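Take this structure, written in structure tokens, and hold onto it; I'll ask about it next.
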Amino acid sequence: MLDQAILSGLKEVDNEVFDLVVSEETRQQRQIRLIPSENYASCAVRAALATSFTNKYGEGYPGRRYYQGQVNTDKIENLAIERAKQLFGYPFANVQALSGAPANLAVYTAFLKPFAGKIMAMRLDHGGHLTHGSPVSVTGAWFEISHYGCQEDDYLDMEKIRAQALEFRPDVLVCGYTAYPRTIDFKAFGEIAREVGAISLADISHIAGLIAGGSHPSPFPHMDVVTFTTHKTLRGPRAAIILSKDPEHADKIDKAVFPGLQGGPHFNTISAIAVALKEALSPAFKSYTDQVVKNAISVADELKGRGYHIISGGTDNHLVLVDVRKSCNLPGKRVAEALEDVGIVCNFNTVPNASDRQKPLFPDGIRLGTPSITTRGFKENDCRKVAELMDRTMKNIKAGKLEKGESPFIDEAIKDQIAAEVAELATSFPTFSWQE
Ligand SMILES: *Cc1c(COP(=O)(O)O)cnc(C)c1O
């Protein structure tokens, strides 16, 4: 729902921006959004983003700022911190990191010497993040990296990871992924880190909401430090939180965020984090996260039943990876683009154990997630319908090389029919709905 009060002011001043906002709102309503890192934040979260807290500077932390006028900002930041501690069980929380990538960088700069520290993390093409030491990220350029990956069954093997850690001796051992459909064994990662004397870091950006709702095991008390974005399954504003257990770690992290890497905190965002955390503490949030997982399992089951190759054979969380090269000899990018043409938005993604044709910009897979459609109120049957629409779309995609500008579809009438059904299904749901 458009927030009329906020938007009428915008329309008066800037029609161009207003039109784009309306167009994006309409897109988010008419399409079925399956990007697992996306969601629909509530109107309350979006309202908090638009308040006069955006006008305030406040470098420092509550009670120790470099500017006057902090009566309300100290309270709002403390509220966000207290709720984060309550929700995740960690005794320390930093809510100032501007997003997930800066949060991870803050943790590395807190604990590692530049150009000397050692990080062990998951490789990018098996579901790690760029900030887990990819060569194109400064984290890969500034630190010595050892990457682990999935086994032939697409699962992580904790014994192999332990052996690699004993050999490499990382300073920071990272778990938490962007494209791993299975449960993460935080206890085992924490034990390995302790055994090799490393800081254990769980980057739970994707699954923070599931953990908050109790739909995935918690990293507490196993992992020393936890980072996460607040805008994925947690359904808050675009921002991040860093949790820790040890007061010395917390102090180093605070100093790394400010003044190490950032200037003034974004108090409008921090107030929206507080709202999202309050929502996540409610019983309705737990129903939402349980339904996210049930929905992902339904999508995986239905596609598997229709003959698609699902990475690891299924899912325990909010996401499903499909190897479309093995399933229908199509590249991930063509499938993702064709799906967008019918109104189903996912992303092409590398998959483990892929063909030798896979490259980062030409991967064998697509990545699907159910957080957004679950927020809208989709249940298992609706998700099976989405999988059926995807199957019909994929059966209608040409294999082999396409001429420039050539349609990827075998039959345009079938494509139009599917697109109409997608729009009808999508618009039959609101964009934000609390689960009963
Ligand atoms: C999304 C994500 C990040 C980065 O978050 P941004 O807000 O895009 O900077 C980091 N790590 C993981 C595992 C993520 O999924």
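Quick note: the coordinates plus some simple rules give every number you see, no bench work behind them. These numbers come from a predicted model, not from an experiment. Heads up, the Cβs are rebuilt from the backbone with ideal geometry, glycines too, and the neighbour counts pull from every protein chain shown.
How big is region 49-280 on each of its three principal axes, counting only the C-alpha atoms and giving the largest first in Å?
On the principal axes, region 49-280 reaches 55, 37, 30 Å in Cα extent.
What is the sum of charges around Ser407, taking Lys and Arg as +1, Asp and Glu as -1, for the other residues whose C-beta is under 13 Å from the C-beta of Ser407? Please list the in-between numbers first.
On the way: positive: Arg334, Lys398, Lys404, Lys415; negative: Glu337, Asp341, Glu403, Glu406, Asp411, Glu412, Asp416.
Residues close to Ser407 contribute a combined charge of -3.
Using only the alpha-carbon atoms of region 139-188 as identical scatterers, what base-10 log of I(q)/I(0) does the Debye formula give at q = 0.24 Å⁻¹?
Ignoring solvent entirely, the Cα scatterers give -1.10.
If you take all C-alpha pairs in region 273-341, what percent of them are over 15 Å apart? Walk me through the numbers on the way to the answer.
Working: 1481 of 2346 pairs.
I get 63 percent for the Cα pairs in region 273-341 exceeding 15 Å.
Continuing with this model, one more query. Please give the charge dipole size of the chain, origin at the Cα centre, charges +1 on K and R Cβ atoms and -1 on D and E Cβ atoms. Round to the nearest 20 debye.
Roughly 400 debye for the chain.
Please quote Rg/Rh for region 225-306 to two decimal places, taking the Kirkwood radius as Rh and restricting both calculations to Cα atoms.
Details: Rg = 17.2 Å, Rh = 15.2 Å.
Looking at region 225-306, the ratio lands at 1.13.
Can you sort Cys383, Cys328, Cys43, Cys346 from fewest to most other Cβ atoms within 10 Å of each residue's own Cβ?
On the way: Cys383 26, Cys328 17, Cys43 14, Cys346 22.
Ordered by Cβ neighbours within 10 Å, fewest first: Cys43, Cys328, Cys346, Cys383.
Name the residues whose placed amide hydrogens come within less than 5 Å of the amide hydrogen of Leu330, ignoring near sequence neighbours (fewer than 5 apart) on the same chain.
Amide H neighbours of Leu330: Arg325.
Which chymotrypsin sites (Phe, Trp or Tyr not before Pro) in region 239-303 sit in a loop by DSSP (not H, G, I, E or B) and have at most 15 other Cβ atoms within 10 Å of their own Cβ? Before the final figure, lay out the partial values.
Details: sites: Phe267, Phe285, Tyr288; in loops: none.
Answer by residue number: there is no such site.
Past the 24 Å Cα-Cα mark, which pairs from Lys255/Lys286; Lys232/Lys359; Lys113/Lys359; Lys333/Lys404; Lys187/Lys379; Lys326/Lys359? Walk me through the intermediate numbers first.
Details: Lys255/Lys286 34 Å; Lys232/Lys359 26 Å; Lys113/Lys359 32 Å; Lys333/Lys404 15 Å; Lys187/Lys379 32 Å; Lys326/Lys359 15 Å.
Where the Cα-Cα span goes over 24 Å, the pairs concerned are Lys255/Lys286; Lys232/Lys359; Lys113/Lys359; Lys187/Lys379.
What does the net charge come to around Ser37 if you take all other residues with beta carbon closer than 13 Å to its beta carbon, with K and R at +1 and D and E at -1?
Working: positive: Arg33, Lys232, Arg235, Arg238, Arg367; negative: Glu38, Asp203.
Every neighbour counted, the sum reads +3.
Express in whole angstrom the spacing between the alpha-carbon centres of region 246-316 and region 51-86.
23
List the chymotrypsin sites (Phe, Trp or Tyr not before Pro) in region 156-192 that DSSP assigns to loop (not H, G, I, E or B) and whose Cβ has at most 16 other Cβ atoms within 10 Å. Which are they?
Details: sites: Phe168, Tyr177, Phe186, Phe189; in loops: Tyr177.
Sites meeting the loop and neighbour criteria: none at all.
Nearest 500 deg cm²/dmol is fine: what mean residue ellipticity at 222 nm does the chain get from its DSSP H runs of n ≥ 4 alone, each adding -39,500 (n - 2.57), divided by its residue count?
On the way: 17 runs with 194 residues, N = 436.
After summing the helix terms and dividing by the residues of the chain, the value is -13500 deg cm²/dmol.
Would you kindly state the longest site-free stretch of the chain, with sites defined as trypsin sites (Lys or Arg not before Pro) in a DSSP loop (not H, G, I, E, B) surrounded by at most 13 other Cβ atoms within 10 Å? Write out the running numbers ahead of the final one.
On the way: sites that count: Arg357, Lys401, Lys404.
Segment 1-356 is the longest.
For region 143-183, which GluC sites (Glu not before Pro) are in a loop by DSSP, counting at most 14 other Cβ atoms within 10 Å? Write down the numbers at each step before the final one.
Details: sites: Glu144, Glu152, Glu159, Glu167; in loops: Glu152.
Of the GluC sites (Glu not before Pro), the ones in loops of region 143-183 whose Cβ has at most 14 other Cβ atoms within 10 Å are Glu152.
Can you work out the Karplus-derived ³J(HN,Hα) for every residue in region 173-187? Use 6.51 cos²θ - 1.76 cosθ + 1.60 with θ = phi - 60°, whole Hz, and x for glycine or proline.
In residue order, the calculated couplings are 10, 10, 10, x, 9, 9, 8, 10, x, 10, 5, 9, 8, 4, 4 Hz.
A further question follows. Report the Rg/Rh value for region 358-436, based on alpha-carbon coordinates and the Kirkwood definition of Rh.
Working: Rg = 15.5 Å, Rh = 14.8 Å.
We get a ratio of 1.05 for region 358-436.
Let me ask another. How much net charge surrounds Arg325 when only other residues with a Cβ under 13 Å from its Cβ are counted (Lys, Arg +1; Asp, Glu -1)?
Values: positive: Lys326, Lys333, Arg334, Arg357, Lys359; negative: Asp323, Asp356, Asp364.
Counting the neighbours of Arg325, the net charge comes to +2.
Another question, if that's okay. May I ask you to give the average projected area over all directions of the convex hull of the Cα atoms of the chain, in nm² rounded to one decimal? Write out the running numbers ahead of the final one.
Details: hull surface 86.3 nm².
Projected over every direction and averaged, the Cα hull of the chain covers 21.6 nm².
Moving to a separate point now. Semi-axes, largest first, in whole Å: what does sqrt of 5 times each Cα gyration tensor eigenvalue give for region 283-427? Don't skip to the answer; put the middle values down first.
On the way: eigenvalues 127, 72, 27 Å².
They are 25, 19, 12 Å, listed largest first.
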